[in-house]
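Written below as structure tokens is the structure these notes are about.
The values are calculated or read from the model by the stated rules, or taken from the named source; none is laboratory data. Owing to the predicted nature of the structure, the values given are computational and were not obtained by experimental measurement. We place every Cβ from the backbone using ideal geometry, glycine too, and count neighbours over all the protein chains shown. In case anyone asks, the SASA skips ligands and DNA or RNA and just uses the protein heavy atoms, side chains included. Shrake-Rupley method; radii C 1.70, N 1.55, O 1.52, S 1.80 Å.
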Amino acid sequence: MTSSLPLRAAVAAITLAVASCALALPAKVSVTPPSGARLLEGQRFDLRVEGLGTGPFRATLTLDGAPLAFTSGAQDTVETDGISPKEGTAQWGGFNVRGHAIRRPGPHLLEATFTDATGTVKVSSTIQVLGRRADRADRAGRGPPGHGDGVKNVIILLGDGMGVAHRTAGRIVKYGVSGGDPNGHLEMDALPGTGLVSTHSLNSVITDSAPGMACYSTGSHANNNQEGVYPAHVVSPFFQPRVEYMAEYLHRVKGASLGIVTTADVEDATPAANAVHTGNRNAGTGIVDQYLDEAGSSGLRVLLGGGRRWFLPAGRFGSSRTAATDYAGLPADLVAAWGLPAAAAGAADPARDLLGDFQRAGFAYVDSASALAGLRGHAPEKLLGLFGYGNMNVALDKVAKRRGTPLADGTYVVDHYHAPDQPMLDEMTEAALAVLSKDRDGFVLLVEGAHVDKQSHLMDADRAIGEVLELDAAVGVARRFAEAHRDTLVLVLADHECSGFSLIGGLVGGIDHLKALPSEAGALDPATVPARQAAVGIYEAAGFPRYAIQPDGYPATMDIDGKVLVGYGASGDRFETWLAKPLPVIDSLLPGDVKGELAMRGYGAEPVKRASDASGFFLRGHAPGLQAVHTAADIPLSAASPGSDAWLDFVGVQTNTDVFFKAMRAVLSGRD
Ligand SMILES: [Zn+2]
């Protein structure tokens with residue numbers, strides 16, 4: 001089955017006008033949104049005409065033949081927007097229309113001219129506006145539009161990097177298999193609608209998490225590293241043309257709230273791609289400032305995860321705030337057209353006490369699992385929870401502390417990370433729902449299991465599988481909420497697959513035998529069969545692994561005889577031991593202070609530097625660099641909406657941006 005949404009319009013037509021002289025015409029002239037972009041009826045977006053050449057510049061822009069007035073860079077004059085950069089000896093010129101919206105569904109033609117001292121170039125782009133209500137043809141003969149209680153709340157549970165095999169691994173580890181059948185199914189397996197989603201970005205078949213999430217939250221594709229914006233050449237990534245987020249739209253038209261829950265640092269791409277508009281996913285200081293400065297537009301009421309480093313003034317232990325990752329002076333026309341308060345223009349303020357600013361804005365603040373649990377029964381109006389300096393720890397390391405099963409030296413990984421008391425993702429989800437469900441106008445909640453991706457990059461299969469189980473427990477919370485609040489749409493999906501995660505077999509010979517093998521770090525000759533390669537039981541030798549699941553929902557140990565063994569189709573270099581690794585690789589999203597301490601304790605900085613891998617055999621990766629990478633494989637999606645048939649729309653094969661329109665129509669159909 002193909003997408004039930006209209007296919008894109010044709011590619012851009014670029015026409016060269018007659019040059020006024022023999023000199024080179026302006027280069028790289030473009031009009032944004034790019035051809036093929038799709039927007040929802042009434043969804044706000046910025047338009048931009050830009051080009052590279054020799055000033056002075058002029059530009060014109062029409063929409064379906066009618067002139068549009070630029071909000072910066074005056075129409076048909078030599079004035080540009082003041083935010084276009086120099087490039088070598090040449091110069092970019094740009095003209096913008098901020099905060100526009102189109103009400104009429106269908107294709108719309110943008111035609112622009114861009115003129116410099118050497119002549120004029122014409123460009124055009126055809127964009128598509130989709131109505132709030134699906135028409136009959138859109139539903140591909142699947143019957144009348146949705147009925148029942150409709151949809152008020154949208155919960156998106158995103159396993160970053162989670163492909164089909166990650167889900168299969170989680171199910172095998174948690175439930176086992178007998179006589180060819182799973183002994184049980186994950187919570188996410190039980191959602192009634194299943195679909196496949198292609199995950200490409202605007203500039204590659206292989207996306208990163210920024211456009212990977214933003215396509216679900218905006219309906220538009222972006223280039224890699226970009227979230228909530230279209231590509232452009234401007235002096236700050238925060239000045240790029242914006243496209244309105246799902247939460248911003250629903251807050252504007254019906255007062256809905258936004259909740260963001262992640263096991264990552266809250267500045268990371270997936271959480272930020274719900275509320276922050278930037279062309280640089282790594283601009284942490286500005287990203288976290290924008291969460292608060294534009295909370296009035298996004299409706300942000302819950303922010304739970306790691307990342308305390310961005311909320312502490314520069315100079316304090318664990319702070320990562322710098323002017324270099326901040327922004328200042330958002331363009332005046334952007335601030336005005338998007339209805340932002342003057343303070344949202346921003347300032348380069350590494351010394352800002354953002355934690356204090358959040359609290360002064362009415363957010364209750366918690367920094368531990370115990371403090372979060374203390375809110376049960378009396379949820380605040382707004383909630384900020386920061387449970388670590390950078391990314392939170394993975395499930396297995398958090399569980400080790402909760403169980404009281406330390407490392408060999410009696411210490412705990414979470415203590416080394418200065419985050420001894422962190423909540424699990426299902427506990428964070430429960431707390432978020434307690435706050436958000438107080439809002440009668442509905443909400444959008446993003447719940448991210450971030451480390452499925454991060455541990456797959458690091459080729460730590462045991463920790464990656466533990467993350468699938470942690471996300472699945474959160475899916476269980478969402479499912480129970482949706483059963484009680486039937487006007488809730490639950491989507492479980494991923495932004496992309498990571499590592500080419502592949503279940504290749506089961507361990508033969510036993511864990512004790514494996515642990516006793518001599519080191520084979522020198523086994524590089526293809527004629528030599530490393531003993532640990534011989535320990536891979538394939539086909540029937542893989543048998544039926546059976547893990548001992550504890551009351552907390554996680555295996556007693558990942559090192560069982562017959563354990564699931566994982567290979568990586570998109571691998572980086574690594575040593576393979578098949579054994580669980582006592583220490584994770586140093587997380588990249590941590591303040592330098594903490595990274596330094598971990599290095600002193602013997603944590604590896606990359607997969608090939610793990611001390612515990614010294615006995616393993618070396619495997620040369622397929623991909624350059626020292627980590628596994630994302631793949632272009634489709635990802636599975638699961639959908640449920642107990643009070644309506646909205647979930648049916650997600651069945652089949654679809655492109656990632658379709659998910660936005662389907663979810664928005666589920667919420668908005670029947671409204672004018
Ligand atoms: Zn990734």
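So here's what we get for this one:
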quantity: Looking only at the range 160-175, and only at residues there that are farther than 18 Å from A450 by Cβ and not aliphatic (A, V, I, L, M), the one that is nearest to the ligand (Cβ to nearest atom); calculated: T168
quantity: Some residue of the range 187-200 being within 14 Å of the chain's Cα centre (by Cα) and of a type outside the set (D, E); calculated: yes
quantity: Residue count for the range 559-574, restricted to those that are among the aliphatic types (A, V, I, L, M) and surrounded by fewer than 20 Cβ atoms within 10 Å (Cβ to Cβ); calculated: 1
quantity: Answer residue from the range 505-523, given it is in a loop (DSSP other than H, G, I, E, B) and in contact with a strand residue (DSSP E or B) (Cβ under 6 Å, 6 or more places away or on another chain) and is farthest from W578 (Cα to Cα) among those; calculated: A523
quantity: Residue count for the range 183-199, restricted to those that are surrounded by fewer than 22 Cβ atoms within 10 Å (Cβ to Cβ) and within 15 Å of the ligand (Cβ to nearest atom); calculated: 0
quantity: Pick from the range 173-182, criterion touching a helix residue (DSSP H, G or I) at 6+ places or on another chain (Cβ under 9 Å) and of a type outside the set (D, E, K, R), ranking: most open to solvent (accessible area, probe 1.4 Å); calculated: P182
quantity: Matching residues, the range 318-339, being surrounded by 19 or more Cβ atoms within 10 Å (Cβ to Cβ) and under 25 Å from the mean Cα position of the chain (by Cα); calculated: S319, S320, R321, T325, D326, Y327, L330, L334, W338
quantity: Filter result (within 16 Å of the ligand (Cβ to nearest atom) and in a helix (DSSP H, G or I)) within the range 596-638; calculated: P607
quantity: 2 or more residues in contact (Cβ under 8 Å) with a residue 60 or more places away in the chain and within 16 Å of the ligand (Cβ to nearest atom): qualifying strands (runs of 3 or more DSSP E) within the range 353-461; calculated: 443-449
quantity: Extreme residue, farthest from the chain's Cα centre (by Cα), among residues of the range 619-632 that are modelled with pLDDT of 95 or more and open to solvent by 40 Å² or more (accessible area, probe 1.4 Å); calculated: Q627
quantity: The lone exception for T577 - which of (1) in contact with a Lys or Arg (Cβ under 7 Å, 6 or more places away or on another chain); (2) polar (S, T, N, Q); (3) buried (at least 23 other Cβ atoms within 10 Å of the Cβ) it fails; calculated: (3)
quantity: Residue that is in a loop (DSSP other than H, G, I, E, B) and among the acidic types (D, E), where the choices are D587, D593, D658, D649; calculated: D587
quantity: Residue under evaluation P350, criteria (1) assigned to a helix (DSSP H, G or I); (2) surrounded by 14 or more Cβ atoms within 10 Å (Cβ to Cβ), criterion not met; calculated: (1)
quantity: Tally, over the range 524-546, of residues that are within 27 Å of G184 (Cβ to Cβ) and in contact with a Leu (Cβ under 7 Å, 6 or more places away or on another chain); calculated: 2
quantity: Criterion (touching a Ser or Thr at 6+ places or on another chain (Cβ under 7 Å) and either modelled with pLDDT under 95 or not in a loop (DSSP other than H, G, I, E, B) (or both)) met by exactly one of H166, H251, H233, H221; calculated: H251
quantity: Residue count, the range 282-317 (criterion: of a type in the set (A, V, I, L, M), farther than 13 Å from L355 by Cα and open to solvent by 10 Å² or more (accessible area, probe 1.4 Å)); calculated: 1
quantity: Matching strands (runs of 3 or more DSSP E) fully within the range 1-82 where at least 1 residues are surrounded by fewer than 21 Cβ atoms within 10 Å (Cβ to Cβ), modelled with pLDDT under 90 and of a type in the set (S, T, Y); calculated: 14-16
quantity: Which listed residue, of T194, T199, is over 22 Å from R98 (Cα atoms) and in contact with a Phe, Trp or Tyr (Cβ under 9 Å, 6 or more places away or on another chain); calculated: T194
quantity: Subset tally (residues that are within 12 Å of the ligand (Cβ to nearest atom) and open to solvent by 10 Å² or more (accessible area, probe 1.4 Å)) for the range 204-224; calculated: 3
quantity: Test: residue in the range 259-267 that is modelled with pLDDT of 95 or more, in a loop (DSSP other than H, G, I, E, B) and either farther than 20 Å from H451 by Cβ or among the hydrophobic types (A, V, I, L, M, F, W, C) (or both); calculated: yes
quantity: Test result for G228, surrounded by 24 or more Cβ atoms within 10 Å (Cβ to Cβ), more than 16 Å from the ligand (Cβ to nearest atom) and free of Cβ contacts under 8 Å to residues at least 60 places away in the same chain; calculated: yes
quantity: Among residues of the range 494-505, those that are surrounded by 24 or more Cβ atoms within 10 Å (Cβ to Cβ) and either near the ligand (Cβ under 10 Å from one of its atoms) or farther than 21 Å from P545 by Cα (or both), counted; calculated: 6
quantity: From A599, A639, A663, A646, residue being at pLDDT 95 or above and touching a helix residue (DSSP H, G or I) at 6+ places or on another chain (Cβ under 6 Å); calculated: A639
quantity: Failed condition for A534, given (1) within 16 Å of the ligand (Cβ to nearest atom); (2) surrounded by fewer than 20 Cβ atoms within 10 Å (Cβ to Cβ); calculated: (1)
quantity: Checklist (1) over 23 Å from G307 (Cβ atoms); (2) buried (at least 24 other Cβ atoms within 10 Å of the Cβ) applied to D453, failing item; calculated: (1)
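Here's the yes/no breakdown for (1) over 18 Å from G306 (Cα atoms); (2) basic (K, R); (3) open to solvent by less than 40 Å² (accessible area, probe 1.4 Å):
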position: F363; (1), (2), (3): no, no, yes
position: G377; (1), (2), (3): yes, no, no
position: V394; (1), (2), (3): no, no, yes
position: T405; (1), (2), (3): yes, no, no
position: V435; (1), (2), (3): yes, no, yes
